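*Asks:* Here's a structure for you.
The values are calculated or read from the model by the stated rules, or taken from the named source; none is laboratory data. Every value quoted in this text rests on a predicted model; they were computed, and no experiment measured them. We place every Cβ from the backbone using ideal geometry, glycine too, and count neighbours over all the protein chains shown. Heavy atoms of the whole protein, side chains included, go into the accessibility calculation; ligands, DNA and RNA do not. Shrake-Rupley method; radii C 1.70, N 1.55, O 1.52, S 1.80 Å.
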Amino acid sequence: EKGGYDYFMLKEIAEQPKAVADTLLGRIDPSGSLTLDEVRISPSELREIDKVVIVACGTAFHAGLIAKYAIEHWTRIPCEVELASEFRYRDPILDGRSLVIAISQSGETMDTLMALRHAREQGSKVLAICNTNGSTIPRESDAVLYTHAGPEVAVASTKAFLTQLVACYLVALYLGQVRGTKWGDEIQAVIKDLSRISEEVDRVLETMEPVRALARTLALKNTVLFLGRHVGYPVALEGALKLKELAYMHAEGFAAGELKHGPIALIEEDVPVVIVVPSPRGRSVLHDKIVSNIQEIRARGARTIVIAEEGDEAVAPYADHLIRIPATPTLLQPLVATVPLQVFACELATARGNDVDQPRNLAKSVTVE
Ligand code: F6R
């Protein structure tokens, strides 16, 4: 049932192009616009929304953080993202014009369920993004957009995460489409890019051998740091989470712009630092800023592991290890940038002798608060 792989996680990482394609299937019509009939919240209700609040835990929370960039950019609706376990305890401000999005692979995470119940009590509409048909979270929501990742067995989420991202982009683009923002042309173009993205994920998977080799050389390290900016920041958080849960190593993700505000004190000789570099074509200011971060880190002797777009030559001189990903629109980059981090964590954990499908102390679905 592991399909020839040693671990379910390896199989599920390899299934990502299909999971992404399946999640898009039937949702982009031939004219290039989105049809999300499952979202049983009417276009007129969607036009009334004045705030989006995303609640989720763990990896699903990281998908939510990325969704915020997409939703605010394409819809101009303010979007908050909150850990489900914090949300209802702080008396959040919600009403009938708030759209709450609950993201959950299992559909059974108690914290997320309690958050959505709280939101519905305040009169807000709840849209679930979920991978498990008929589970509790979609049953208790007003609408559901299913991710079609297929069953995810390994405790660490991989293909479900990529499909959560796809679902979040679909919601953001759909809201933009329904509400008709000035980004109409860009939305059309991105829908087209999204429809081809599973091939790019596939291309990334084909180039992972050097990442595995690198991961094996780091098995005896104590710490790995991850830096990113814009949507690369949640990707850094996700890379760190994967490494913590699988390799039982100290791993932390930072927003690269925060480096000088504290984390740079952690940089010392030979510490591996993984940097997710934004596209030089998109927000080029951010790209240039992160290049100078990489220089600063390297000047302090850290080992820089740089994830950068093909053709981005500016980073090459400062990368001890350069991991190439295909060029994508800025907001979609997490779909390709996360994959090397999953492979990295999986291989490093294996090199440390850990069971990557069943990491210690963790359960696949957390049904207690
Ligand atoms: C990490 C991981 C967890 C889950 C979290 C939420 O790899 O799997 O952090 O993402 O427990 O689970 P769901 O999505 O089932 O609500």
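*Asks:* May I ask you to work out the translational diffusion coefficient for region 191-302 at 37 °C, viscosity 0.692 mPa s, via Stokes-Einstein with Rh from the Kirkwood sum over Cα pairs, reported in whole µm²/s?
*Replies:* 216
*Asks:* Another one. Which whole-number percent gives the relative contact order of the chain, counting Cα pairs below 8 Å spaced six or more residues apart? Don't skip to the end; give the middle numbers.
*Replies:* Numbers: 743 pairs, mean separation 71.0, N = 369.
This gives 19 percent for the chain.
*Asks:* Restricting to Cα atoms and excluding each atom paired with itself, what does the Kirkwood estimate give for region 47-202 in Å? Display every interim value, and only then the final one.
*Replies:* On the way: mean 1/r = 0.0643 Å⁻¹.
The answer is 15.6 Å.
*Asks:* Continuing with this model, one more query. Share of region 6-136's accessible area from carbon and sulfur, percent, 1.4 Å?
*Replies:* 50
*Asks:* Give the angle, between 0 and 90 degrees and rounded to the nearest 10, that separates the Cα long axis of helix 159-179 from the longest principal axis of the Cα atoms of the chain.
*Replies:* That helix lies at roughly 50 degrees to the long axis.
*Asks:* Here is a further query. Relative to the longest principal axis of the C-alpha atoms of the chain, give the angle of the C-alpha long axis of helix 232-247, reported between 0 and 90° and rounded to the nearest 10°.
*Replies:* 70
*Asks:* On a 0 to 90 degree scale, rounded to 10, what angle separates helix 58-75 from the longest Cα axis of the chain?
*Replies:* It is inclined by approximately 70 degrees.
*Asks:* Now, a different point. Just how many % of Cα pairs in the chain lie over 30 Å apart, if you round to the nearest whole percent?
*Replies:* 35
*Asks:* Further question: From the phi of every residue in region 91-103, what ³J(HN,Hα) in whole Hz does the Karplus formula 6.51 cos²θ - 1.76 cosθ + 1.60 yield, where θ is phi - 60° and glycine or proline is x?
*Replies:* 6, x, 8, 9, 7, x, 9, 8, 9, 9, 10, 9, 9
*Asks:* May I pose another question? When you count, for each residue, the other Cβ atoms within 10 Å and take the mean per peptide, how do 97-104, 78-85, 249-256 rank with the highest first?
*Replies:* 97-104, 249-256, 78-85
*Asks:* Set the Förster radius R0 to 30 Å, insert the Cβ-Cβ distance between LEU322 and GLU186 as r into 1/(1 + (r/R0)^6), and round the FRET efficiency to 0.05. List each step's numbers first, then the result.
*Replies:* Working: r = 30 Å, r/R0 = 0.98.
Approximately 0.50, to the nearest 0.05.
*Asks:* Can you give the accessible area per residue of the chain, in Å², using a 1.4 Å probe?
*Replies:* Numbers: 14580 Å² over 369 residues.
Ligands and nucleic acids excluded, the result is 39 Å² per residue.
*Asks:* Across every pair of different alpha-carbon atoms, what Kirkwood hydrodynamic radius in Å does region 62-105 reach?
*Replies:* It is 11.6 Å.
*Asks:* Now, a different point. Sort region 1-103 into rounded, prolate or oblate with this rule: let a ≥ b ≥ c be the square roots of the eigenvalues of the Cα gyration tensor; rounded if a/c is under 1.5, and if a/c is not under 1.5, prolate when a/b is larger than b/c, oblate otherwise.
*Replies:* oblate
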